[in-house]
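S.K.: My questions will all concern the structure given below.
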Amino acid sequence: MFRALHGVLLLGICAALASCAGPGVQRKDTSRTFNMVVVDAGHGGKDRGAYRPPGPSEKMAALDVAQRLNRKLRESQFRTLMVRNRDVFVPLDRRVAIGNRVDNSIFVSIHFNYSPRRSIRGFEVYYASPYARGLALGIQRKLMTLPGARNRGVHTAGFRVIKNSVYPSVLVECGYLTNPAERGYASRAAYREALADKIAEGIVEARYGPGVYHARPQVMVPVQEQFGGNPPP
């Protein structure tokens with residue numbers, strides 16, 4: 001009885017999520033077939049996103065993680081497309097349009113978070129389509145294996161870049177730049193590499209199953225060459 005009820009409730013939730021898609025959006029389930037990943041670095045150009053000195057702005061930290069993720073996915077034999085590969089502003093609707101033009105794909109948007117409360121920290125992953133739920137859960141599980149990770153959950157949301165996407169889309173919040181500890185972590189190239197590695201692992205396993213992903217060791221770029229200044233102690 002409980003299982004039957006649970007199944008009915010789950011179907012109801014999925015139907016509700018599907019009905020929340022943007023106008024004219026006909027969602028497609030490529031969660032088990034995708035061979036292309038659209039990598040979206042949040043913000044950019046005139047929109048710097050979250051920022052609290054000393055430390056990187058969201059637009060630069062997100063771009064760096066996205067570039068690392070892009071490289072790892074290509075090493076894992078995925079085709080990829082970067083929405084932006086430098087510090088430029090791309091409107092939200094343009095980001096959605098880029099993703100929606102790419103057949104048999106998923107869309108992964110990389111962000112860092114902000115809160116007026118400096119004590120708030122942790123990882124969050126958002127999705128809108130029921131087809132993206134498994135991907136979101138998988139990425140969050142991998143992020144939670146990082147030392148000291150705080151789980152702020154996997155949630156549905158109406159962010160335009162995921163709400164209006166035809167293909168399964170997630171928005172990954174890689175920590176709070178307003179939290180002193182996570183801001184310090186985000187300033188380190190090795191940590192941004194680890195973030196990209198865990199996100200890539202979640203994506204690869206969503207497509208091919210557990211135990212498939214193998215990261216290649218990378219040479220780290222000094223932080224001062226990435227963002228200027230010195231890394232935190």
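The values are calculated or read from the model by the stated rules, or taken from the named source; none is laboratory data. Being a predicted model, the structure only gives us computed values, none of them experimental. Cβ placement follows ideal geometry from the backbone for every residue including glycine, while neighbour counts extend to all protein chains displayed.
S.K.: Got a number for residues in segment 106-121 being touching a Gly at 6+ places or on another chain (Cβ under 7 Å) and outside any loop (DSSP other than H, G, I, E, B)? Before you say what the answer is, go through the steps one by one.
M.R.: Going through segment 106-121, the residues touching a Gly at 6+ places or on another chain (Cβ under 7 Å) turn out to be 107, 109-113, 121.
When the remaining residues are screened for being outside any loop (DSSP other than H, G, I, E, B), the result is 107, 109-113.
Total meeting the criteria: 6.
S.K.: Here is a follow-up. Just to be sure I understand, how many residues within segment 144-191 are of a type outside the set (S, T, N, Q), farther than 23 Å from residue 38 by Cα and touching a Pro at 6+ places or on another chain (Cβ under 7 Å)?
M.R.: Qualifying residue count, segment 144-191: 2.
S.K.: OK, next. If you scan segment 184-226, which residues turn out to be at pLDDT below 50 and either surrounded by 15 or more Cβ atoms within 10 Å (Cβ to Cβ) or not in a helix (DSSP H, G or I) (or both)?
M.R.: Answer for segment 184-226, where residues must be at pLDDT below 50 and either surrounded by 15 or more Cβ atoms within 10 Å (Cβ to Cβ) or not in a helix (DSSP H, G or I) (or both): 220, 222, 223.
S.K.: Step by step: first the residues of segment 158-183, then only those that are touching a Leu at 6+ places or on another chain (Cβ under 7 Å) and under 27 Å from residue 30 (Cβ atoms), then the one that is surrounded by the fewest Cβ atoms within 10 Å (Cβ to Cβ). Which residue is that?
M.R.: 160
S.K.: If you don't mind, another one. Any residue at all in segment 58-81 that's at pLDDT 95 or above, out of contact with any His (no Cβ under 7 Å at 6 or more places or on another chain), crowded, with 21+ Cβ neighbours inside 10 Å and among the acidic types (Asp, Glu)?
M.R.: Checked against the condition, which is being at pLDDT 95 or above, out of contact with any His (no Cβ under 7 Å at 6 or more places or on another chain), crowded, with 21+ Cβ neighbours inside 10 Å and among the acidic types (Asp, Glu), segment 58-81 yields at least one hit.
S.K.: Still on this structure, I have one more. So how many residues does segment 109-144 have that are touching a helix residue (DSSP H, G or I) at 6+ places or on another chain (Cβ under 8 Å) and under 18 Å from residue 25 (Cβ atoms)?
M.R.: Counting residues in segment 109-144 that are touching a helix residue (DSSP H, G or I) at 6+ places or on another chain (Cβ under 8 Å) and under 18 Å from residue 25 (Cβ atoms) gives 8.
S.K.: Also: Could you tell me whether residue 142 is within 13 Å of the chain's Cα centre (by Cα), under 22 Å from residue 212 (Cβ atoms) and of a type in the set (Lys, Arg)?
M.R.: For residue 142, the condition - within 13 Å of the chain's Cα centre (by Cα), under 22 Å from residue 212 (Cβ atoms) and of a type in the set (Lys, Arg) - is met.
S.K.: Another question, then. If only one of 87, 64 is outside any loop (DSSP other than H, G, I, E, B), closer than 20 Å to residue 192 by Cα and of a type in the set (D, E, K, R), which one is it? Talk me through it step by step, then tell me what you get.
M.R.: On the way: 87 fails: outside any loop (DSSP other than H, G, I, E, B).
Being outside any loop (DSSP other than H, G, I, E, B), closer than 20 Å to residue 192 by Cα and of a type in the set (D, E, K, R) holds for just one of 87, 64, which is 64.
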